[in-house]
1. Taking the condition modelled with pLDDT of 85 or more and in contact with an Asp or Glu (Cβ under 8 Å, 6 or more places away or on another chain), does L52 pass?
2. Enumerate the pairs (first residue in segment 199-219 and surrounded by 13 or more Cβ atoms within 10 Å (Cβ to Cβ) and assigned to a helix (DSSP H, G or I); second residue anywhere and hydroxyl-bearing (S, T, Y) and at pLDDT 95 or above) with beta-carbon separation below 6 Å, excluding pairs fewer than 6 apart on the same chain, so at least 6 apart or on different chains.
3. Return yes when A115 is open to solvent by 20 Å² or more (accessible area, probe 1.4 Å), at pLDDT 90 or above and either in contact with a Ser or Thr (Cβ under 6 Å, 6 or more places away or on another chain) or among the aliphatic types (A, V, I, L, M) (or both) and no when it is not.
4. Going through segment 28-72 one residue at a time, which ones are touching a residue at least 24 places away in the same chain (Cβ under 8 Å) and in contact with a Ser or Thr (Cβ under 8 Å, 6 or more places away or on another chain)?
5. Tell me, please, whether a residue that is outside any helix (DSSP H, G or I) and without any contact (Cβ under 8 Å) to a residue 60 or more places away in the chain can be found in segment 157-166.
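The values are calculated or read from the model by the stated rules, or taken from the named source; none is laboratory data. Computed from a predicted structure; not experimentally measured. Note that each Cβ is placed from the backbone with ideal geometry, even for glycine, and that neighbours are counted across all protein chains shown. These accessible areas exclude ligands, DNA and RNA; they are computed on the full protein's heavy atoms, side chains included. Shrake-Rupley method; radii C 1.70, N 1.55, O 1.52, S 1.80 Å.
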Amino acid sequence: MKPIETAERYTLSKLVVHKLKQYIVEHNIAPGDKLPAERELSQTMKVSRAILREALRSLESAGILEIRHGEGAFISANSLSPLLEQLSFAAQLNRKGGRELLEIRYLLEASAVDAVLEQGGNFPFAELERLNEEWASSAGSESRQTEAEVNLHLAVVQPLLNSSFTSLAELFIRQAASSTGTDRSPAAASYEQHSRYIRLLREGKALEAKAVLREHLAL
């Protein structure tokens, strides 16, 4: 039997990746769910377990799967993480560091501000106020303050009711918050910026609100 050429093997692995994606969608496998065992999948797809493992590793690299040693392959809860990793590396290569990522993070939230205001400005103001107070009361705990910061800004995006957009925004909001900590502005200044931001959103003043957001992110 003629050995499989490298190119043919690569093509077969890509085909299995495609089939696995179809399988996940067709069987409504949700984030956190486990895929069938390798033996079952290889028999179903009529490919060797070696080829199947290549495909599984490819899906893991893409952030679609999480492979746990001794447990199996699970659907990842956050399949967008590799995108941010690639963008972070690209930003480092062009010597602009994290500023470009911060600009993307700003643009995502700013576009949400415009869209929600166009739809009637249905922001969860009580929740925003609560999260700002939680942010202030968490002084001394960087992890709690960072989480309050992330949740406050996510609450601005969530009224769009677009889960894909919210997931993308969360990725950048969380990355910015964790990479800069909570000291981008002094604590008192950040609390005041949050307060002004919420007030301007309540008043429907998009330009002014986005200016405060830029100030808050030190852009």
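1. Details: modelled with pLDDT of 85 or more: yes; in contact with an Asp or Glu (Cβ under 8 Å, 6 or more places away or on another chain): yes.
Here the answer is yes, as L52 does meet what is asked.
2. If the second residue must be hydroxyl-bearing (S, T, Y) and at pLDDT 95 or above, the pairs left are A209/Y197; V212/Y197.
3. yes
4. P31, I51, L52, E54, A55, S58, I64, L65
5. So in segment 157-166, the residues outside any helix (DSSP H, G or I) come out as 161-162.
From the residues that got through so far, the ones that are without any contact (Cβ under 8 Å) to a residue 60 or more places away in the chain too are 161-162.
For segment 157-166, residues outside any helix (DSSP H, G or I) and without any contact (Cβ under 8 Å) to a residue 60 or more places away in the chain: present.
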